[in-house]
1. Considering only protein heavy atoms and a 1.4 Å probe, what is the carbon-and-sulfur percentage of the accessible area of the chain?
2. Name the residue farthest towards the positive end of the dipole of segment 45-157 from the options Gly70, Ala115, Leu137, assuming +1 on Cβ of Lys and Arg, -1 on Cβ of Asp and Glu, about the Cα centre.
3. Divide by every residue of the chain the summed helix terms, -39500 (n - 2.57) for each DSSP H run of at least 4, and state the resulting mean residue ellipticity at 222 nm, rounded to the nearest 500 deg cm²/dmol.
4. Taking Cα atoms, how many degrees apart are the long axis of helix 73-86 and the longest axis of the chain, rounded to 10 and kept between 0 and 90?
5. So what is the accessible area of segment 1-74 per residue, in Å², with the probe set to 1.4 Å?
6. Expressed as a whole number of Å, what is the distance separating the alpha-carbon centroids of segment 12-62 and segment 74-124?
7. Using only Cα atoms, figure out Rg for the chain and give it as a multiple of 2.2 N^0.38 Å.
8. What residues qualify as long-range amide H neighbours of Ala131, i.e. H under 5 Å apart, gap of 5 or more or another chain, H built at 1.01 Å from N?
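The values are calculated or read from the model by the stated rules, or taken from the named source; none is laboratory data. Just so we're clear, the structure is a prediction, and the values are computed from it rather than from any experiment. Cβ coordinates were reconstructed from backbone atoms using ideal geometry, including for glycine residues, and neighbour counts include every protein chain displayed. Heavy atoms of the whole protein, side chains included, go into the accessibility calculation; ligands, DNA and RNA do not. Shrake-Rupley method; radii C 1.70, N 1.55, O 1.52, S 1.80 Å.
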Amino acid sequence: MRIGHGFDVHRFGQGDHVMLGGMRIDCEYGVVAHSDGDVLIHALCDAMLGAAAQGDIGKHFPDNDPKWAGADSRELLKQVNAMLAEEGYVLVNADLTLVAETPRIAGHLPDIRAALASILDCDIGCINVKATTTEKLGYIGQREGLAAHAVVLVGTI
């Protein structure tokens, strides 16, 4: 068994939605990002790569490589999951936390969990997603951006 932690943050910009856990969520902002800016998936990728001692998302999908411009984070997660399988690891469980004042995602949590479980080809019971705010403190509290943490446990196949 191995544990990994991931963190990601994106600044808000122009737009009318954000991608969270592979789901399009209406929002009064978009995000500034090289890819689709899905902070939940990016943190999850980093946690999984960390658990397998395979670096981070920037190592495998660098933001200075035009190949990844506008990338669909669901595809990045599929590739990370395949990388772990090649190394002999399988996801045991993932616990993700969105840190944001907006958008509110309580009503989207079942769909986000289902989307992530589908991408990872695992039981939905292996995925937990929750959200919190910063009580209007700091850059997140001032609605300048959003962030996510992910903790995973992986085991050998």
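1. Ligands and nucleic acids excluded, carbon and sulfur reach 50 percent.
2. Towards the positive end, the residue furthest out is Leu137.
3. One gets -8500 deg cm²/dmol as the mean residue ellipticity at 222 nm.
4. For 73-86 against the chain, the angle is about 20 degrees.
5. Accessible area per residue, segment 1-74: 48 Å².
6. 11 Å
7. In units of the globular-protein estimate, the chain measures up at 0.98.
8. Answer set, sorted by chain and number: Leu98.
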